[in-house]
Amino acid sequence: MNLLNSPLIAQGDSVAVIFKNRRELFVDDYIIANRTNTYYKLGIPRSAGVAISADKPWEGKFLTYASVIKDDSLYRMYYRGSNEIKDGLTEAVTCYAESEDGIHWIKPNLSIYQINGTCNNNVIMVKNPQKSTENFMVLYDRRKDIPEEERYKAIGGHTANAFPKAHQGTFRYVSADGIHWKRFDKDTTGLFNQYPMDSHNILTWLPSEQSYAVYLRVGSEDRTGDKRLGKGFRTIAKSVSKDFIHWSEPQKMSFGGAEMQHLYTNATQPYFRAPHILIAMPMRINLNKQALSKAELVANDIDASQQAHISDAVLMTSRGGYTYGRMYMESFVRPGSNPMNWGGRSNMPASGVYQTSDREMSFYITRGYGSPDVYIERMTLRLDGFSSLSAGYKIGEAITKPLVVSSDSLFINFATSAFGFIKVVLLDDAGNEINGFGKGDAVELIGDAIDKAVVWKKGRLISELKGKKIRLKFILKDADLYSFFIAD
């Protein structure tokens, strides 16, 4: 049957996506040309308990702005410790923790600085004129041509008007071991010093653009001249660099027409199983809203500075450039039942999502900010489980844009009920079933698997169609499809 004129196939949608060792997630509608009786479903992160608690006197109730990296040997976490915050004049230190599995964390005694009369602490940087300890953010640069003394890179600092001009902006740092840091030798002045920067600005490497990027906080309606006075919403801009030295003027990100909201952070990073897709988990603020009464806020020892607003975390994605996709306006991580999480800047996701078991990935989020019991919680999802293409008991179908397969095997990440299933049918670009790969040839897949090989009757494999323009047709019943992967 020719489906070219069916509503399932978008006319003119003929530019093929090359698939060679490539994974696609259903976090946006990029790969699907059309669908019926299916919908996108937001994943639900699960708490795995406390990863880091503020049990050291220098960590304080304003512990926040965590970044997590995984190098060749360890998971490493960097975060701010502070007992006091005053409009950008934070008396802050940068703290460090490490883990062999991303689950169990230790705070090593580094003996770099004396804090509170002891060198037995986990502090890697103390207050400096650049105020880089307020929002220090680390990148592990794993590319082969990087000098070892610059293997770890970081940024930190912001632009409060009270600072001398020479100390305004964000500053660059490098390290050979991720613990001992120095100013980057090309860092002669603060970057982006016309922008507020008083947030967790994100440094990353974008494989799809072959460039560094900084995703920074800006105002949605900047005034002429000093952009620190920007009006409107807290939002996000992006600057790029090929060499970590020269940076483009930040350009504001767009949101695909979604309504503007106050996005205080962004945590934007390439997803480790599909690095052409960027996952962002901003903390968004609902200004001048409270869930607790004044008495309840005081009873839970939430600092007065955090009693005016409430916040949660959302999920966004990007495929590069200057656009975020917001498939979901709903909360990705809610404050939940713990009243400590209903202060103004709780529920702030750290930068970094990593695999922590065969089927699971983890990210981390600050809870109870502004209270003596502040902590960093580990949250888990199944691999690729940010979002799924789903169908209920009524059978649904979805057809991809045209693909050119350059690898041998097709795998899917899926889960069904006992009465559900998924089938994969292969179509030519015009929408015709390909002989041997049609609905009658598709093997019904039932169960729950992260990477299940897809085969057709008589043992036929997608490798038979290498180099040809095809479409995948997913048939689902009471099932969730999280990703597909075409690999050698």
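The values are calculated or read from the model by the stated rules, or taken from the named source; none is laboratory data. Fair warning: this is a prediction, and the values are worked out from it, not measured in the lab. In this analysis, Cβ positions are derived from the backbone assuming ideal geometry, glycine residues included, and neighbour counts consider all displayed protein chains. All accessible areas refer to the heavy atoms of the entire protein, side chains included, with ligands and DNA or RNA removed. Shrake-Rupley method; radii C 1.70, N 1.55, O 1.52, S 1.80 Å.
At-a-glance table
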item	result
Failed criterion for N341 (all others in (1) open to solvent by 10 Å² or more (accessible area, probe 1.4 Å); (2) under 26 Å from G102 (Cα atoms); (3) at pLDDT 95 or above; (4) over 14 Å from the mean Cα position of the chain (by Cα) hold)	(1)
The range 168-182 residues that are on the phi > 0 side of the Ramachandran plot, paired with ones that are open to solvent by 10 Å² or more (accessible area, probe 1.4 Å) and assigned to a loop (DSSP other than H, G, I, E, B) (beta carbon under 9 Å, 6 or more apart)	G169/Q130; G169/T189; G169/F192; G169/N193; G169/Q194; G169/Y195; G178/L74; G178/R151
Residue, most open to solvent (accessible area, probe 1.4 Å), within the range 237-269, restricted to residues that are farther than 22 Å from N193 by Cα and assigned to a loop (DSSP other than H, G, I, E, B)	E259
Sole exception among (1) within 16 Å of L263 (Cα to Cα); (2) open to solvent by less than 20 Å² (accessible area, probe 1.4 Å) for L297, by number	(1)
Exclusive hit being more than 21 Å from the chain's Cα centre (by Cα) and either at positive phi or touching a residue at least 60 places away in the same chain (Cβ under 8 Å) (or both), set I112, I69, I103	I112
Test: residue in the range 270-282 that is under 11 Å from the mean Cα position of the chain (by Cα), of a type in the set (S, T, Y), in a loop (DSSP other than H, G, I, E, B) and more than 16 Å from S331 (Cβ to Cβ)	no
Those strands (runs of 3 or more DSSP E) lying entirely in the range 382-423 with at least 3 residues open to solvent by 10 Å² or more (accessible area, probe 1.4 Å) and farther than 16 Å from Y39 by Cβ	none
Positions within the range 290-311 being under 13 Å from R367 (Cα atoms) and touching a strand residue (DSSP E or B) at 6+ places or on another chain (Cβ under 8 Å), in sequence order	I310, S311
Boolean, D198 is surrounded by fewer than 22 Cβ atoms within 10 Å (Cβ to Cβ), outside any strand (DSSP E or B) and either small (G, A, S) or without any contact (Cβ under 8 Å) to a residue 40 or more places away in the chain (or both)	no
Selection status of R378, farther than 23 Å from F26 by Cβ and open to solvent by 10 Å² or more (accessible area, probe 1.4 Å)	yes
